[in-house]
Amino acid sequence: MGIFDGKVAIITGGGKAKSIGYGIAVAYAKEGANLVLTGRNEQKLLDAKEELERLYGIKVLALPVDVNPYDDSEERVKEAVKKVIETFGRIDVLINNAQASASGIPLSMQTKDHFDLGIYSGLYATFYYMRECYPYLKETQGSVINFASGAGLFGNAGQCSYAAAKEGIRGLSRVAATEWGKDNINVNVVCPLAMTSQLENFKESYPEAYEKNLRAVPMGRFGDPEFDIGRVCVHLGSPDFKYMSGETVTLEGGMGLRP
């Protein structure tokens, strides 16, 4: 039996293979959780649903939701959460992993569209999902796991909108940890570094830059999305870590050291 048998976890951005979101989904599926996967690409969500249900015998609800400044994303999130409750009747863990960004563009050249992409897909999406899931997390005394980044912690060049969104998520998470502690909802933040399909593409296109980045990791490798990131998220959503709240956990192989 898994520690999440009969429980439900929402994972935003969980439909893409070789991604952190999908690694988290696999880790939770192995613990018996039924899953809700959201993302922009419906076919990728359906592919993930088929594989997870076939391999782990769980139920997966795939919901295409894109939070952006151009349509009524707030209503889409409300409808998605309503669908979750209609399907499963509960929410035990909310994992806000989805994020898009215009990386590699200096702050002086960022446009409003660039900035909106990061803020809406990350900060607004996290805010919408947290607010809409709160009544149901209160019922289950559940957990929230939000995603930030070393880009925000250390001010990485070329990532101003991404860093701003991620630091906004950290502030939002700390407020929620304070306000929702009375409801026994714990809220924590993860800053990950993992080998994904995007990083594989970067390795192929820019091998020298890739090797330079790899050498900066004290452990000498990038994390595995399931075992190094997903398993920590399993623990953060479990009863064993219930008293931990408002914290930022860096999973960067030693790169996340800070005073």
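Brief remarks on what is shown
- Some residue of the range 79-102 being surrounded by fewer than 19 Cβ atoms within 10 Å (Cβ to Cβ), touching a Gly at 6+ places or on another chain (Cβ under 8 Å) and hydroxyl-bearing (Ser, Thr, Tyr): no
- For the range 6-39, filtering for residues that are surrounded by fewer than 24 Cβ atoms within 10 Å (Cβ to Cβ) and either part of a loop (DSSP other than H, G, I, E, B) or on the phi > 0 side of the Ramachandran plot (or both) leaves 8.
- Applying the condition of being assigned to a loop (DSSP other than H, G, I, E, B) and of a type in the set (Ser, Thr, Tyr) to the range 185-221 and asking which residue is farthest from Thr248 (Cα to Cα) yields Tyr206.
- For Gly104, the conditions (1) on the phi < 0 side of the Ramachandran plot; (2) modelled with pLDDT under 95; (3) of a type outside the set (Asp, Glu) all hold with the exception of (1).
- Among the residues making up the range 123-165, those that are under 24 Å from Pro64 (Cβ atoms) and out of contact with any strand residue (DSSP E or B) (no Cβ under 7 Å at 6 or more places or on another chain) are Leu123, Tyr124, Phe127, Tyr128, Arg131, Glu132, Tyr134, Pro135, Tyr136, Ser161, Tyr162, Ala165.
- Just one of the listed residues (Phe127, Phe115, Phe154) is within 16 Å of the chain's Cα centre (by Cα) and of a type outside the set (Val, Ile, Thr), namely Phe127.
- Positions within the range 135-149 being surrounded by fewer than 20 Cβ atoms within 10 Å (Cβ to Cβ) and part of a helix (DSSP H, G or I), in sequence order: Pro135, Lys138, Glu139, Thr140
- Any chance Glu167 is under 24 Å from Ile119 (Cβ atoms), in a helix (DSSP H, G or I) and not hydrophobic (A, V, I, L, M, F, W, C): yes
- Number of the exception - Glu252 against (1) acidic (Asp, Glu); (2) farther than 29 Å from Asn68 by Cβ; (3) in contact (Cβ under 8 Å) with a residue 24 or more places away in the chain: (2)
- Enumeration of residues in the range 227-256 that are in contact with a Pro (Cβ under 8 Å, 6 or more places away or on another chain) and either at pLDDT below 95 or in a loop (DSSP other than H, G, I, E, B) (or both): Glu252, Gly253, Gly254, Met255
- For the range 196-226, the set of residues classified as touching a helix residue (DSSP H, G or I) at 6+ places or on another chain (Cβ under 8 Å) and at pLDDT 95 or above consists of Gly220, Arg221, Phe222, Gly223, Asp224, Pro225, Glu226, listed by residue number.
The values are calculated or read from the model by the stated rules, or taken from the named source; none is laboratory data. Please read all numbers here as calculations on a predicted model, not as lab measurements. Positions of Cβ are generated from backbone atoms using ideal geometry, with glycine treated the same way; all protein chains shown enter the neighbour counts.
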